[in-house]
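The structure under discussion appears below in the form of structure tokens.
Each reported figure results from applying straightforward, stated rules to the coordinates on display, with no laboratory input. Model, not experiment: these values are computed from the prediction. Backbone-built Cβ (ideal geometry, glycine too); neighbour counts: all protein chains shown.
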Amino acid sequence: MVDHSKLASTISWLIAGAQPPKSIDQIVEECATRLLDVGVPVDALIVNGLFIHPQIRGIRTRWTSTKGLRQETYNRDYFDSNSFTKSAIGVCITTKRAIHYHFDANDPETTSDYRQEFLNAGFTGVLLLPLFNFDGTVTGCVEFGTKKDGGFDGDQITALRRIQSPIARMKEYFTERFDKQITLATYVGEETSKKVLNGKIVLGDGETISAVIMFADITGFTALSNTSRSEDVLKVLNHFYGAIDAAVSRNNGEILKFLGDGVLVIFPTPDDLTAQEAAASGAIDSVAQARKELAQDDAGPALEFRASLHIGEVFFGNIGSGNRLDFTAIGPSVNLASRMLDEASKRGAQTVCSNAFRQIALGITTHPVTCDFKGFDDPVEIYLMD
């Protein structure tokens, strides 16, 4: 028998936000434990959610009595396939209707990979419930599985239906939080997105930080774009951006701006020499790794790019107007790195760095040149890197 007074406590716990604050996998596990305590024989509790993400479209947070917690991710292609639309999860989400498999002669479906997976694991019944958002849309479902003889009975199904809406509220919160952060991170970068979500949305909000600054742009892009179809130009740009982003992310940097055929990247670092040396090494490795990737013919057209490297203080924060803000890095250090990239183009150099960068970059070979830069009163010595 289900203890409905205890069940009410679980419902209140979910509605109150599953305090204290927990991750979604912790909530799924504790919810299963609470259901067992009230007399609902759950051997599986699985929350499925659809998300806004460039690659990941769905996340399945799964708890089972035998394997505990695990999380599975699904790419966008899977959700566009018949494998999803014809699956029990896909049908539950698209029809917004509950599905109950009780694995006996009256089972409405006798053969499916979904049903067979649960049967092979010893389950006797599965209940799928759509998770309605506040506006009535459905972007997920919850699965309850049992190994009890005869499957879930009527009282147990009623209990599970009573926590359908509270689970939906919990899932909707995590979906919205995830979507906001991922959407922001997609457009403004991981660290910047965290700052924005934490309230750094006022004109002038920001801080002065120390960072390695990198500018990079594609060699010969103007001629390429003037003689190629727009579709081909976009492929070139995306190939370049993808290689740079992958390399920079591996080395703890962040792309702040896509600038036409170029990028502005920072590697934040504290006022600590060892950390600054590590950031400089990360910037050098990013350039080398991206160049290696872009030289691969099978990954896209072979590309070359120029890069400038500098270290200094930057203002990292909001600029713009009251209603339209841009979270970026500005300051004399950024201006110098930009001028250095222009100089690399004039001299046909692949990579240039400042004297400040050269002093913390270990084991590099450089050749000094003196330049007069617009906006800088005194000549600036920069270095062509081998």
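Sorting 353, 92 from the fewest to the most surrounding beta carbons within 10 angstrom yields 92, 353.
Based on other C-beta atoms within 10 Å, arrange 239, 4, 310 from fewest to most.
4, 239, 310
Here the extension length gained between residue 98 and residue 209 equals 34.7 nm, from 0.36 nm per residue of separation less the Cα-Cα distance. Structural descriptor for region 199-385: relative contact order 25 percent, calculated from alpha carbon pairs under 8 angstrom and at least 6 residues apart.
Between residue 249 and residue 148, what FRET efficiency follows from the Cβ-Cβ distance if R0 is 45 Å, with the result rounded to 0.05? After rounding, the FRET efficiency stands at 0.45.
Computed from label points 7 Å out along Cα-Cβ, the spacing between residue 292 and residue 347 is 2.6 nm. Multiplying the residue separation of residue 285 and residue 158 by 0.36 nm and subtracting their alpha-carbon distance yields 39.9 nm. Rounded to the nearest Hz, the phi-derived 3J(HN,Hα) couplings of region 363-379 under the Karplus curve 6.51 cos²θ - 1.76 cosθ + 1.60 (θ = phi - 60°) are x, 9, 10, 9, 10, x, 9, 9, 10, 9, 9, 4, x, 10, 5, 9, x, where x marks glycine and proline.
Label sites at residue 86 and residue 232, each approximated as a point 7 angstrom past Cα along Cα to Cβ, lie 4.1 nm apart. 3J(HN,Hα) along region 61-67: 9, 10, 10, 10, 5, 9, 10 Hz, from the Karplus curve 6.51 cos²θ - 1.76 cosθ + 1.60 with θ = phi - 60°, whole Hz, x for Gly and Pro. Shown for 291, 250: other C-beta atoms within 10 Å of each C-beta, ranked fewest to most, produce the order 250, 291. Entry for region 199-385 at q = 0.09, 0.12, 0.13, 0.15 Å⁻¹: log10 I(q)/I(0) = -0.33, -0.59, -0.69, -0.91, Debye formula applied to identical alpha-carbon scatterers, no solvent contribution.
The slack in the chain from residue 319 to residue 137, taken as 0.36 nm per residue of separation less the alpha-carbon distance, amounts to 61.9 nm.
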